[in-house]
């Protein structure tokens, strides 16, 4: 009997969406043939893996001004994408009609779920952004609650509200469903992370992101530990005491062995750090309010500290270094979603709405 065919639309902004999707694909491939549709960083992520069923599509990408998000330019990109929506839908529909999937999945990708609804094919969306439109976020400060109220309609527009949603985040204990969802789960982690055993190698690890990269390096220099950096290799001359590597091979093993993780406040990175029990310093990217929310819950979760004012960080770092690291926190988020998918047509018989 032929395996069911799954079409997975993945947002191409950054790598978090792709890493999360990869963790689910690993748990579906024994029972399904999975095709990946993505753009920009997402397409590049799967291309580096030589993924055999990869299709490039159009997607929305943030615009940057210096090291911050340029919201007016980003809004224009979004508007331009919408104005050309029929063309984008037509191209993806052509891929769809060639593949003829039995099931559709989306990680904050807007085209695949729309086609699934139009074609009457079962569809499920799994992403972190759904927490903004579907959940009450406990203890969130007023300013970030205001941002949540503003962005929630956009989240529900990008992935139509009719599509069943699964919320995946590193802080599920602070999320309460305010609207129907299939599930609220912890981080979805790849097999390459879950098989690792955390150790203490006595070094700091930097996950370099250009928008906050110089600040990450400054933090590590103040701490004064042996430091391994993934990304930012162009700074090796200015930081000869650090060990630089390109993003990619070796990062996961270094994450399992590091004493301190230093990086931006990305949901997936913080989920991996929490799973492995890694004491963390994060610097949220300016202008990305989702990272500000992640940074808030990173501190609430006891994972570490978020640095917002780099000029006054010495005292914060001194206190941080005295605090013991967190305990590893298990997560079976990817398997939870795989079980939900396997209960849907054509795998199972659960076709009910959330």
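Values as computed for the structure displayed
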read-out: Rg over Rh, two decimals, region 192-322 (C-alpha only, Kirkwood Rh); value: 0.92
read-out: The chain: most fluctuating residue of 328, 113, 284 per GNM, C-alpha cutoff 10 Å; value: 328
read-out: Isotropically averaged projected area of region 117-170, using the convex hull of Cα atoms (one quarter of hull area), nm²; value: 4.0 nm²
read-out: Between helix 142-158 and the chain: long-axis angle, C-alpha atoms, 0 to 90°, nearest 10; value: 30 degrees
read-out: Helix 16-28 vs. the chain, principal-axis angle (Cα, 0 to 90°, nearest 10); value: 60 degrees
read-out: Pair residue 238, residue 136: separation of 7 Å Cα→Cβ label points (nm); value: 4.6 nm
read-out: Fewest-first sequence of 275, 170, 296 by Cβ atoms within 10 Å of each Cβ; value: 296, 275, 170
read-out: Choice from 343, 249, 104 with maximal GNM fluctuation in the chain (Cα, 10 Å cutoff); value: 249
read-out: Spin-label model distance (nm) - residue 252 vs residue 30, 7 Å beyond Cα toward Cβ; value: 1.7 nm
read-out: Antiparallel %, DSSP beta bridges [both residues in the chain], to 5; value: 10 percent
read-out: Nitroxide proxy distance, nm - points 7 Å out along Cα→Cβ at residue 49 and residue 322; value: 4.4 nm
read-out: Zone residues, region 268-300, relative to residue 200, backbone N less than 14 Å from point 7 Å out along Cα-to-Cβ; value: 277-280
read-out: Helical contribution to [θ] at 222 nm, DSSP H n ≥ 4, -39,500 (n - 2.57), averaged over the chain, rounded to 500; value: -12000 deg cm²/dmol
read-out: For the chain, average projected area of the Cα convex hull in nm²; value: 17.4 nm²
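Bear in mind that the values in this text are calculations on the coordinates, not laboratory data. Everything numeric here is computed off the predicted structure, so don't read it as measured data. Note that we place each Cβ from the backbone using ideal geometry, even for glycine, and neighbour counts take in every protein chain shown.
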